Amino acid sequence: MTTEPSTPELHRRMWRLAGPIILANSSAPLLGAVDTAVMGHMPDPLYLGAIALGALVFSFLYWGLGFLRMGTTGLTAQGFGAFLKTGDATDTGAAFSRAAMLAIGFGCLVILLQKPLGLIAFSLLDADASIEIEAQKYYAIRIWSAPAALINFVVLGWLLGIQKAGSALLIQVVLNALNACLDVLFVFGFGWGVEGVAFGTIIAETTAATLGIVIIRQHFHRHFTLSLRSMLTARILKDMAALQRIIVVNTDIFLRTACILLVFGIFTNTGAQFGATTLAANALLLNFLMFMAHGLDGFAFAAEAMVGAEKGQRGEKSLHRVVKVTSQWAFLAAMIYVAVYALLGPSIIRLLTDLPDVRALADAHLPWMAIMPLIAVWSFQLDGIFVGLTRTRAMRNTVAVALGIFLIALPLLTPNFGNHGLWAAFTIFMVARGLTLAWCYGRLVQSLAAPTNPA
C-alpha cells in the first residue's frame with residue numbers, strides 16, 4: 001500500500017506540473033495571437049477577418065479532435081498511477097501508441113476530405129465574400145499540417161499524463177517561437193499575406209511533432225524501460241477491450257467539444273453579420289479568452305494528471321485533497337486575470353491592432369473579458385477533474401445542456417443589444433457549464449461517500 005502525500009507535498013507537486021503547463025499553455029494562443037497581430041497591422045481589416053475565419057475552420061477541425069489530447073491524458077495518468085503501484089508500464093506506453101495511431105489516421109482523413117470539409121465549413125459562415133476568399137487561401141495551405149497537428153495533441157496529452165510538464169513546455173516554446181518568427185518573415189519580409197501565415201504554421205507544427213516523438217522515445221527508454229517499437233505491436237494496437245475504452249472516452253469528449261465549437265461558430269458567425277469591424281473586434285477579444293483559458297487550463301491539466309494518477313494508484317475515494325489543492329490555485333489565478341484585463345486590457349488591444357474603429361469597438365466590449373475569468377474557471381477546472389477520472393459522460397451531458405441555454409439566450413438578447421447581447425449569451429453559456437458540472441461533481445462526491453452495502 002502506498003503512502004498518501006502530505007498537503008504541502010501536493011502543493012509542490014501541483015506547481016511542478018502547473019508551472020510549466022501554464023507557461024506552455026499561455027504560449028499556445030500565441031499561435032493565433034501572433035497571426036492576429038501580424039494581420040492587425042496590415043492596412044485593411046479584411047486580412048484580420050480572414051485569419052479569424054480561417055482559424056475558426058481549424059478550430060472546428062482540430063478542437064473537434066481535441067479528445068486525442070484529453071483522452072490520452074486521462075488514460076495515461078491512470079496507467080502511470082498503476083505503474084507507480086505495480087511497476088508495470090505497459091498501459092502507460094500503450095496509451096501513447098494507440099492514441100498516435102488514431103491521430104495519424106484522423107490527420108490523413110482530414111487531408112483526403114479537405115475539399116468537402118472546406119465546403120461545409122465555409123458554407124456555415126456568413127462573412128463578406130472578400131474575407132472568405134482570403135480565408136480559403138489560408139485553409140488550402142494549412143490543411144496539409146493536419147497529421148502533425150494531431151500528433152502534437154497526443155504528445156502533449158501523454159507528457160501531461162506521466163507528469164513531464166517540462167518536456168511539454170519545451171515543445172510549445174519551439175512551436176510558438178518558430179511560428180512567430182516565420183509569420184514576421186513570410187508576411188513582412190516576403191509579402192506573402194495570409195499564405196505566409198499558413199506556411200509558417202505548417203512548418204512550426206511539423207517541427208514540433210518531430211521533436212515530440214523524439215522526446216517521448218527518450219522517456220520510454222529512460223523512465224519505463226520500454227521501446228517505441230514494442231508498443232506498436234499488433235497485440236498492443238488490437239487489444240479490443242482497451243480500444244473500446246478509448247472509443248467510449250473519446251466519443252464523449254468529441255461530442256462535448258463539438259458543442260463548444262458550435263457555440264464558438266455561432267458566436268463568430270453572428271458577429272460577422274454585424275460587419276467586418278465587429279468581426280475583427282470580437283476576434284481580438286477572443287484572444288483574451290484564449291490566453292485566459294490556456295493559463296487557467298494549466299491547473300485543470302494538473303488536476304487531470306494528479307486525479308488520474310491518484311485513481312490509478314489509490315482509487316477514487318482519495319481524490320478530495322487533490323481537487324481542493326488544484327482548485328484553490330485556479331481561483332487565485334482567475335483573480336489575477338481579472339486584474340490584468342481590467343487594468344491593461346486597452347493597452348493589450350493597442351498592441352494587437354492599430355485600426356481605430358476596431359480598437360474602439362473592442363474597448364467597448366472589454367468588460368465582458370474582465371469578468372470572464374471568474375466565470376469560466378469553474379468549468380475548466382471541473383473538466384480537468386472529470387478527464388482525470390475518465391468520467392466523460394458528465395462532460396458530454398452538461399455541455400449539451402449549456403448549449404441549449406445559449407441557443408435560447410442568443411435570439412432573446414442580440415436583437416435588442418446587438419454585439420453586447422452576443423457576449424451576454426456567451427457568458428450565460430459559460431455560467432451554465434460551470435453550474436451543471438458542479439452539480440455532477442456534487443453527486444459524484446455523495447456517491448463516493450455513501451457506505452458500500454455488504455455482499
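Compute the long axis of helix 146-161 from its Cα atoms, compare it with the longest principal axis of the Cα atoms of the chain, and write down the angle in degrees, 0 to 90, nearest 10. Long axis of 146-161 versus the principal axis of the chain: about 40 degrees.
For the range 107-120, putting each phi into the Karplus relation 6.51 cos²θ - 1.76 cosθ + 1.60 with θ = phi - 60° gives couplings of x, 5, 5, 4, 5, 4, 9, 4, 5, x, 5, x, 4, 5 Hz, in residue order, rounded to whole numbers and with x for Gly and Pro. Projecting label points 7 angstrom from Cα along Cα→Cβ for residue 173 and residue 447 puts them 4.2 nm apart.
Sorted by accessible area (1.4 Å probe), largest first, how do 222, 396, 433 line up?
Highest to lowest solvent-accessible surface, that is 222, 396, 433.
Approximating the spin labels as points 7 Å out from Cα along Cα→Cβ, the residue 233-to-residue 354 distance works out to 6.2 nm.
With every protein chain kept in the model, how would you rank 167, 97 by accessible area, 1.4 Å probe, largest at the top?
167, 97
Measuring r between the beta carbons of residue 114 and residue 408 and using R0 = 60 Å, the FRET efficiency lands at 0.95. Based on a Kirkwood Rh over C-alpha pairs, give the Stokes-Einstein translational diffusion coefficient of the range 252-387 at 37 °C and viscosity 0.692 mPa s in µm²/s. It comes out at roughly 200 µm²/s.
Each residue of the range 248-253 is assigned a 3J(HN,Hα), and the resulting list reads 4, 4, 6, 5, 4, 5 Hz, derived from the Karplus form 6.51 cos²θ - 1.76 cosθ + 1.60 (θ = phi - 60°), x at Gly and Pro. Rounded to the nearest 0.05, the FRET efficiency derived from the C-beta distance between residue 344 and residue 420 at R0 = 22 Å is 0.50.
So which lysines can residue 85 reach, going by Cα to Cα under 25 Å and dropping same-chain residues fewer than 8 places off? Straight-distance partners of residue 85: 164, 311, 317, 324. Ordering 267, 83, 417 by accessible surface, largest first, gives 417, 83, 267; the 1.4 Å probe counts only protein heavy atoms, with every chain in place.
Hey, what's the Kirkwood Rh for the range 171-244 if you take every pair of different alpha carbons, in angstrom? It would help to have the intermediate numbers written out before the result.
Values: mean 1/r = 0.0677 Å⁻¹.
Every distinct Cα pair counted, the radius reaches 14.8 Å.
Extents of the range 88-219, largest first, come to 57, 33, 20 Å (Cα atoms, principal axes, whole angstrom). Helix 356-389 and the long axis of the chain differ in direction by around 10°, with both axes built from C-alpha atoms. The Stokes-Einstein estimate for the chain, based on a Kirkwood radius over Cα pairs and taken at 37 °C with 0.692 mPa s viscosity, is a diffusion coefficient of 146 µm²/s.
How large is the direction-averaged shadow of the alpha-carbon convex hull of the range 366-455, in nm²? Present the calculation step by step, with values, prior to reporting the outcome.
On the way: hull surface 28.2 nm².
Projected over every direction and averaged, the Cα hull of the range 366-455 covers 7.0 nm².
Where only DSSP H runs of four or more residues are counted, the chain gives -29500 deg cm²/dmol as its mean residue ellipticity at 222 nm, each run worth -39500 (n - 2.57).
The values are calculated or read from the model by the stated rules, or taken from the named source; none is laboratory data. Keep in mind the model is a prediction, meaning the values are calculated, not measured. Positions of Cβ are backbone-derived with ideal geometry, glycine not excepted, and every protein chain shown enters the neighbour counts. Protein only, heavy atoms only, side chains kept; ligands, DNA and RNA dropped before computing areas. Shrake-Rupley method; radii C 1.70, N 1.55, O 1.52, S 1.80 Å.
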